[in-house]
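All remarks here apply to the structure that follows.
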Amino acid sequence: MDSVLPVAIASVVLGALIAVLFFGSYFRKRTSEVQSMAKAEPIRNPKSSQALHKKNHPKSHASDKNQIKRHHPLDLNTLKGHGDAVTGLCFSPDGKSLATACGDGVIRVFKLDDASSKSFKFLRINLPAGGHPVAVAFADDASSIVVACHALSGSSLYMYGEEKQKEQQAKLPLPSIKWDRHNIHEKKNVLTISGAIATYGTADGSSVIASCSEGTDIILWHGNTGRNLGHVDTNQLKNHMAAVSPNGRFLAAAAFTADVKVWEIVYVKDGSVKEVSRVMQLKGHKSAVTWLCFSPNSEKIITASKDGTIRVWNINVRYHLDEDPKALKVFPIPLCDSGGNPLYYDRLSLCPEGKVLAATHGSTLQWLCAETGKVLDTAENAHEGDITCISWAPRAITVGERQGMVLATSGVDKKVKLWEAPKVQSL
């Protein structure tokens, strides 16, 4: 028994010594690994991490700069916030408001206190459920708007008017429907609506609005009351668009054929409309006329055709004596496809000063000298997709610290853009 005890004690002491040596070696090894890792990968704070991320992605910042450089020098501003393609737009008679019709079922009226502003106040008008707005036009002033929309039941017109704003009222007054007309072109879509303040002859200064269907019919409406003033038929298979002259005297239509028909809106002594009668026809194009616009004085019409030409017509003629309108100028359209084939313009709009003609084809926007047909400037891919509408402000509006002529364009890219007019050198 006495010999066993020393052996047991020795075994325990030897085992404890071995255990101490083993665990000591293990912990020294782990401490060395931790120190090695700490030296190899120092801890970074979030700021240094972000800085490293930016250095590893220099292309992102460069692409932003390139995007800014790609802006056209005439590009003033972009009105965003539309939920779908913008199908129509129109300036108010004073040029201080811009109304847009959008596929999201909303009409927006932007207040353009400064076309170069970073943000714009706007009035939102929700159309009745199921209505898809296709065009918009102002009636007498910035508080009255006529909207054309299409639904399964057919096309309709709505006139929204604002109540007069009280002096202490901070918010914009909510518009209400003053009149509406339904199934105006049976179940055909409305392509365009065009409005003007009637000032010619004995006209009483009220607004007249023409709605042009995709068929062959055009209806003239009284802007304030919605009264049907007259109905014409182009008899040209299908319409492309129609426009009322700035003084409210003439109505002209571009349609499937090469000829342009012009009607006169005849007023009686009390200022009301007596009739709408056809008075002349513009003949000379060799293919369908795609668009037209009047000169500011209502004495000329500019037409664009699929034959690849623009024509300037004098309509200030004695048609009652069978004097025919004359083509004053013919310009080739300066656009070609990749194969060198001439293209045509989809839309035209003449600056109120009469010097600059804006024209579009697809997503391309051009400015031409109205006197010579020379290209003043071109913005390729002005929108990310087709341009749907163009319109000049009726007068110079505020752009920063100056006054300038401004063009508005809309597109399928859900955007509305504002452009400054290029300079025209004296001839």
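We did not get these values from a lab; they are worked out from the coordinates using the rules stated. Remember, it's a predicted structure, so these values are computed and weren't measured experimentally. Reconstructed Cβ throughout: ideal geometry from the backbone, glycine too, with neighbour counts over all protein chains shown.
Tabulated results
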read-out	value
Centroid-to-centroid separation of the range 205-257 and the range 334-353 [C-alpha atoms, Å]	25 Å
Pair K329, Q425: separation of 7 Å Cα→Cβ label points (nm)	1.6 nm
Protection proxy ranking of 320-328, 218-226, 277-285, 98-106 - average other beta-carbon atoms within 10 Å, highest first	98-106, 218-226, 277-285, 320-328
Separation in nanometres of the label points that stand 7 Å from Cα toward Cβ, at H182 and R278	3.3 nm
Other-chain or far-sequence residues with amide H under 5 Å of D141's (modelled H)	none
For peptides 385-392, 113-120, sequence by mean Cβ density within 10 Å, most packed first	385-392, 113-120
Rounded Å value of the spacing that divides the Cα centres of the range 294-317 and the range 375-427	21 Å
Amide H within-cut-off set for S97, under 5 Å, with H built and near neighbours excluded	S92, L112
Difference of contour (0.36 nm per residue) and Cα-Cα distance, L343 to H231	37.0 nm
Counting all C-alpha pairs of the range 173-344, share separated by more than 29 Å (%)	23 percent
Label point distance in nm, T372-D259, each placed 7 Å from Cα along Cα→Cβ	3.6 nm
Under 5 Å, built H, 5+ apart or other chain: amide partners of H185	S155
Size of charge dipole - the range 173-344 - debye, nearest 20, with Cβ of Lys, Arg +1 and Asp, Glu -1, no other charges	100 debye
Gyration tensor (alpha-carbon) shape descriptor, the range 179-251, a/c threshold 1.5	oblate
